[in-house]
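Asks: First the structure, then my questions, so here it is.
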Amino acid sequence: MNIDGELKSVVFSHPCAIHMDPIEKKPLFHFLPGSKILSIATVGCNLHCLHCQNWEISQANPEESEAYYLSTNDLISLAQKYNTKSIAYTYTEPLAFYEYTLESSRIAHQNSFGIKNVLVTAAYINKKPLQELLKFTDAANIDVKAFSERFYRDICKATLKPVLDALILTKEMGVHVEVTYLIIPTLNDDPLEIKNFIRWFKDNLGVETPLHFSRFHPNYKLTNLPPTPAETLDRARNEALTAGLKYVYIGNLYSKDSENTFCGNCSKLLIERNGYTIISNILKKEGVCPYCNHKIYGVWK
């Protein structure tokens, strides 16, 4: 906010949500599976998606919202108290509370702490501040809202290209990347649009990067649309697998094998999941398939 002629963050050290979550909820399936992650958010977002599931806090004004005081040092102490390996900046948009995210991430990475940082983000940001933040980021789940500039303008009040550029930069800087594409009936479910997105994904992020197709549920200002049909999600997943992507998942809906991790080389089952719960995990901590010694993309210890 502009306070006496100075632009100041009014959410720094004032999260409105603090929770311990399974890391699979982010969703991250190839980053410390089965672990718990300390998750925080402040109010605010730099997008205005009509279907936002956390709109009560993402679209709220700081002066009208309840918040806690939690300094950056207190946040790290809280992570240590709960004996968690990582912190997620999530729920709303960590880039809206950029200064808090950056300072906390810096401290978490200090040798005496060694806590990993996770961004759950729509990645609508300029290159220079993103580069600075990624120096202290270990993993990111990045939302691609649609593969359409029109959708971004009309539904999110944003644009697509900065998001695609951020995806490429995040991968290039060695951060573990997973991508979520929420499929919304009539708005971004066109088979050709999804096919073009998959082609772009393969060419720019590689076949090993995990992709999550997620089911839409009516919310906020899009309650007039139905939930995503299961067959739409299955079709998108099959399209991605046919194109050569190795790790493609479906979220917010049970679909046989769509939450499980199979070896990208020999196709043997490595991690079996039920929702956010790990049923079994035979993947070695080094991330090597015990059947064929193929290295699985991810962070496993």
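The values are calculated or read from the model by the stated rules, or taken from the named source; none is laboratory data. All values reported here derive from a predicted model rather than from experimental measurement. Ideal geometry is used to build each Cβ from the backbone, glycine not excepted, and the neighbour counts take in all protein chains shown.
Asks: Based on what the data block shows, is residue 117 touching a His at 6+ places or on another chain (Cβ under 9 Å) and either closer than 15 Å to residue 37 by Cα or modelled with pLDDT under 95 (or both)? Walk me through it before giving the result.
Replies: Working: touching a His at 6+ places or on another chain (Cβ under 9 Å): yes; either closer than 15 Å to residue 37 by Cα or modelled with pLDDT under 95 (or both): yes.
It is true that residue 117 is touching a His at 6+ places or on another chain (Cβ under 9 Å) and either closer than 15 Å to residue 37 by Cα or modelled with pLDDT under 95 (or both).
Asks: With region 184-301 as the region, which strands (runs of 3 or more DSSP E) entirely inside it contain at least 3 residues that are surrounded by 14 or more Cβ atoms within 10 Å (Cβ to Cβ) and touching a Lys or Arg at 6+ places or on another chain (Cβ under 9 Å)?
Replies: Numbers: elements: 211-215, 248-251, 269-274, 277-281.
So the answer is 248-251.
Asks: Keeping to region 171-182, report how many residues are outside any loop (DSSP other than H, G, I, E, B) and in contact with a helix residue (DSSP H, G or I) (Cβ under 6 Å, 6 or more places away or on another chain).
Replies: Number of matching residues: 2.
Asks: The conditions are (1) in contact with a strand residue (DSSP E or B) (Cβ under 8 Å, 6 or more places away or on another chain); (2) under 22 Å from residue 79 (Cβ atoms), and residue 9 fails exactly one of them. Which is it?
Replies: With (1) in contact with a strand residue (DSSP E or B) (Cβ under 8 Å, 6 or more places away or on another chain); (2) under 22 Å from residue 79 (Cβ atoms) applied to residue 9, the lone miss is (1).
Asks: Then there's this: For region 159-170, how many residues meet the condition of being part of a loop (DSSP other than H, G, I, E, B) and buried (at least 19 other Cβ atoms within 10 Å of the Cβ)? Explain how you work it out, then say what you get.
Replies: The initial filter retains those residues of region 159-170 that are part of a loop (DSSP other than H, G, I, E, B), namely 159-160.
Then keep just the ones that are buried (at least 19 other Cβ atoms within 10 Å of the Cβ); that gives 160.
Final tally of qualifying residues: 1.
Asks: Please give the number of the condition residue 40 fails out of (1) among the hydrophobic types (A, V, I, L, M, F, W, C); (2) at pLDDT 95 or above; (3) out of contact with any Asp or Glu (no Cβ under 7 Å at 6 or more places or on another chain); (4) part of a loop (DSSP other than H, G, I, E, B).
Replies: (4)
Asks: So the check is Cβ under 7 Å with 6+ separation or different chains; which pairs have a first residue in region 252-273 that's touching a residue at least 60 places away in the same chain (Cβ under 8 Å) and a second one that's polar (S, T, N, Q)?
Replies: From region 252-273, the pairs are 271/260; 271/261; 271/281; 273/260.
Asks: List pairs: first residue in region 181-202 and of a type in the set (A, V, I, L, M, F, W, C), second residue modelled with pLDDT of 95 or more and in a loop (DSSP other than H, G, I, E, B) anywhere in the structure, Cβ distance under 6 angstrom, at least six positions apart or on different chains.
Replies: Listed by first residue and then by second, the contacts come to 182/216; 183/189; 183/228; 184/216; 197/147; 198/243.
Asks: If I filter region 75-89 down to residues being in a helix (DSSP H, G or I) and without any contact (Cβ under 8 Å) to a residue 24 or more places away in the chain, which single residue comes out as farthest from residue 110 (Cα to Cα)?
Replies: Looking only at region 75-89, we keep the residues that are in a helix (DSSP H, G or I), and these are 75-81.
Add one more test, that the residue is without any contact (Cβ under 8 Å) to a residue 24 or more places away in the chain, and what stays is 77, 81.
Working: 77: 13, 81: 17 Å.
Filtering first and then ranking leaves 81.
Asks: Okay, moving on. Condition first: closer than 30 Å to residue 112 by Cβ and charged (D, E, K, R). Now tell me which residues in region 28-78 satisfy that.
Replies: Residues satisfying the conditions are 36, 74.
Asks: Right, next: Determine which single condition residue 63 fails, assuming it passes every other condition in (1) over 30 Å from residue 301 (Cα atoms); (2) assigned to a loop (DSSP other than H, G, I, E, B).
Replies: (2)
Asks: Does residue 9 satisfy the criteria of being over 30 Å from residue 159 (Cβ atoms) and either surrounded by fewer than 19 Cβ atoms within 10 Å (Cβ to Cβ) or touching a residue at least 24 places away in the same chain (Cβ under 8 Å) (or both)? Before the answer, list the steps.
Replies: Details: over 30 Å from residue 159 (Cβ atoms): no; either surrounded by fewer than 19 Cβ atoms within 10 Å (Cβ to Cβ) or touching a residue at least 24 places away in the same chain (Cβ under 8 Å) (or both): yes.
Answer is no for this residue.
Asks: Do we have any residue at all in region 122-139 that's at positive phi, out of contact with any helix residue (DSSP H, G or I) (no Cβ under 8 Å at 6 or more places or on another chain), surrounded by fewer than 22 Cβ atoms within 10 Å (Cβ to Cβ) and not in a helix (DSSP H, G or I)?
Replies: Step one: filter region 122-139 for residues at positive phi, giving 123.
Adding the requirement that they be out of contact with any helix residue (DSSP H, G or I) (no Cβ under 8 Å at 6 or more places or on another chain) leaves none.
No; the residues of region 122-139 include none that is at positive phi, out of contact with any helix residue (DSSP H, G or I) (no Cβ under 8 Å at 6 or more places or on another chain), surrounded by fewer than 22 Cβ atoms within 10 Å (Cβ to Cβ) and not in a helix (DSSP H, G or I).
Asks: Could you list, in sequence order, the residues of region 104-120 that are surrounded by fewer than 17 Cβ atoms within 10 Å (Cβ to Cβ), among the small types (Gly, Ala, Ser) and touching a residue at least 12 places away in the same chain (Cβ under 8 Å)?
Replies: None; the set is empty.
Asks: Only one residue in 101, 92 is of a type outside the set (D, E, K, R), more than 20 Å from residue 76 (Cβ to Cβ), within 16 Å of the chain's Cα centre (by Cα) and surrounded by 24 or more Cβ atoms within 10 Å (Cβ to Cβ). Which one?
Replies: On the way: 101 fails: more than 20 Å from residue 76 (Cβ to Cβ).
Result: 92 is the single residue among 101, 92 that is of a type outside the set (D, E, K, R), more than 20 Å from residue 76 (Cβ to Cβ), within 16 Å of the chain's Cα centre (by Cα) and surrounded by 24 or more Cβ atoms within 10 Å (Cβ to Cβ).
Asks: Among the residues of region 140-157 satisfying the criterion of being crowded, with 20+ Cβ neighbours inside 10 Å and touching a residue at least 60 places away in the same chain (Cβ under 8 Å), which is nearest to residue 76 (Cα to Cα)? Quick ask: steps written out before the conclusion?
Replies: Applying the first criterion (crowded, with 20+ Cβ neighbours inside 10 Å) to region 140-157 yields 140-147, 152, 155-156.
Applying the additional criterion that residues be touching a residue at least 60 places away in the same chain (Cβ under 8 Å) yields 141, 145, 155-156.
Values: 141: 21, 145: 31, 155: 36, 156: 33 Å.
Filtering region 140-157 for residues that are crowded, with 20+ Cβ neighbours inside 10 Å and touching a residue at least 60 places away in the same chain (Cβ under 8 Å), the one nearest to residue 76 (Cα to Cα) comes out as 141.
Asks: Follow-up. Would you be able to tell me the number of residues in region 49-79 that are exposed (fewer than 15 other Cβ atoms within 10 Å of the Cβ) and within 23 Å of the chain's Cα centre (by Cα)? I'd like the intermediate steps shown before the answer.
Replies: First, pick out the residues of region 49-79 that are exposed (fewer than 15 other Cβ atoms within 10 Å of the Cβ): 53, 56, 61, 63-64, 66, 68-69, 73-74, 77.
The next check asks that each one be within 23 Å of the chain's Cα centre (by Cα); those that pass are 53, 56.
Final tally of qualifying residues: 2.
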